[in-house]
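Comments concern the structure below.
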Amino acid sequence: MKLVVLGSGTSVPHSQRASAAFWLETERGAMLLDCGGDTAHRMAQENLDWPNLDAIWVSHLHLDHSGGVANLLFGMKAAPKSRKRKKKLTIFGCEGIRKLLEAIDGTNNYELLDQPFDVEVREIAPAPIDAPAEFDLFSGIRIQTVSTPHKPESLAIRLTETNGTTLVYTSDTGYDERLADFARGSNLLILECSFWRNKPVKHHLELEEAMRIAQLASPRRLLLTHLYPEWDEVDIEAEAKKLWSGEVVAAFDGLRIEF
Ligand SMILES: [Zn+2]
Ligand SMILES: [Zn+2]
């Protein structure tokens, strides 16, 4: 798989970090993992083949993860590059995505789902953290999802290619040790690490908690993301390495990883 970090940041406006989004190329198709408000233009900036995007995963309804979907659909209607597109676009993820898109649609009759190509919206019900929901994407990519302690609808996702390569993306989450079971043995674990220490809220992770999950899950590589501005002056990787001896990478916008 090939990953491009489009947004390593949060909802807080930041000059270097866009809101959450990752471009992922699998053996069967290209998808977005989350679609924060900046995503459409970030894909163009990274010279990615956005008109042929196959799927969009939305982890939860916070707008730094979902706010770019309507914007991208609106852009696709106007863009000559996607007007000739015929293949289906799948939007899948947490419960409520359809309602969000319909609410925006209803405000100004944008007809966001009325594209020259089919758009499928597929909502996935919450699943206990130790009993993942399972289904196939692109006939071949195994998907597992579990609820996370963040919002009632929020989901983590595990993708496995036919050759066994596995990626886990927690998106926003509070601490639950069982997340390590879900992420165990992945080739790449994209883990939120919102705060360094003394986190001000329960439903995000601080470094020590993130590294405890890493230690238990032992991914081949760990990517720390969803970085609030308080990280700006901190050497994230150096701090992380004090707590776990595995390979840790601090996400930044434009980072590319093949695994
Ligand atoms: Zn967020
Ligand atoms: Zn959130």
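Checked against the criterion of being more than 12 Å from ligand 1 (Cβ to nearest atom), open to solvent by less than 20 Å² (accessible area, probe 1.4 Å) and within 12 Å of the chain's Cα centre (by Cα), the candidates Leu53, Leu33 yield just one match: Leu33.
Inside the stretch 152-171, residues that are within 17 Å of Ile124 (Cα to Cα) and surrounded by 21 or more Cβ atoms within 10 Å (Cβ to Cβ) make up a count of 11.
Taking the listed residues Leu101, Leu61, Leu89, Leu72, the one that is surrounded by fewer than 20 Cβ atoms within 10 Å (Cβ to Cβ) and either more than 16 Å from ligand 1 (Cβ to nearest atom) or not hydroxyl-bearing (Ser, Thr, Tyr) (or both) is Leu61, with no other qualifying. Could we say that Val58 is closer than 24 Å to Ser147 by Cα and within 14 Å of ligand 2 (Cβ to nearest atom) here? So Val58 fits the description; yes.
Scanning the stretch 10-68 for residues that are of a type outside the set (D, E, K, R), in contact with a Phe, Trp or Tyr (Cβ under 8 Å, 6 or more places away or on another chain) and assigned to a loop (DSSP other than H, G, I, E, B) yields Thr10, Val12, Gln16, Thr26, Gly29, Leu48, Ser59. Would you call Leu73 hydrophobic (A, V, I, L, M, F, W, C), in a helix (DSSP H, G or I) and within 16 Å of ligand 2 (Cβ to nearest atom)? Answer is no for this residue. On inspection, Gly164 fails the criterion of being within 19 Å of the chain's Cα centre (by Cα), among the small types (Gly, Ala, Ser) and assigned to a loop (DSSP other than H, G, I, E, B).
If you go through the stretch 172-219 and keep only what is open to solvent by 10 Å² or more (accessible area, probe 1.4 Å) and outside any loop (DSSP other than H, G, I, E, B), you end up with Arg178, Asp181, Phe182, Phe195, Glu206, Glu208, Glu209, Arg212, Gln215, Leu216. Applying the set (1) within 16 Å of ligand 1 (Cβ to nearest atom); (2) more than 25 Å from Phe117 (Cα to Cα) to Arg42 leaves exactly one unmet item: (2).
Table: residues versus (1) of a type in the set (Val, Ile, Thr); (2) touching a strand residue (DSSP E or B) at 6+ places or on another chain (Cβ under 8 Å).
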{"residue": "Ile157", "(1), (2)": "yes, yes"}
{"residue": "Asp172", "(1), (2)": "no, yes"}
{"residue": "Leu191", "(1), (2)": "no, yes"}
{"residue": "Ala214", "(1), (2)": "no, yes"}
{"residue": "Ser218", "(1), (2)": "no, no"}
{"residue": "Leu227", "(1), (2)": "no, yes"}
{"residue": "Val234", "(1), (2)": "yes, no"}
{"residue": "Phe252", "(1), (2)": "no, yes"}
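Filtering the stretch 223-232 for residues that are loosely packed, with under 14 Cβ neighbours inside 10 Å and either touching a Cys at 6+ places or on another chain (Cβ under 6 Å) or more than 17 Å from Ala183 (Cα to Cα) (or both) leaves a non-empty set.
The values are calculated or read from the model by the stated rules, or taken from the named source; none is laboratory data. Bear in mind the structure is a predicted one, so any value in this text is a computation, not a measurement. No Cβ is skipped: glycine too gets one built from the backbone with ideal geometry, and neighbour counts run over all protein chains shown. Remember, those area values only see protein heavy atoms, side chains included, never the ligands or the DNA or RNA. Shrake-Rupley method; radii C 1.70, N 1.55, O 1.52, S 1.80 Å.
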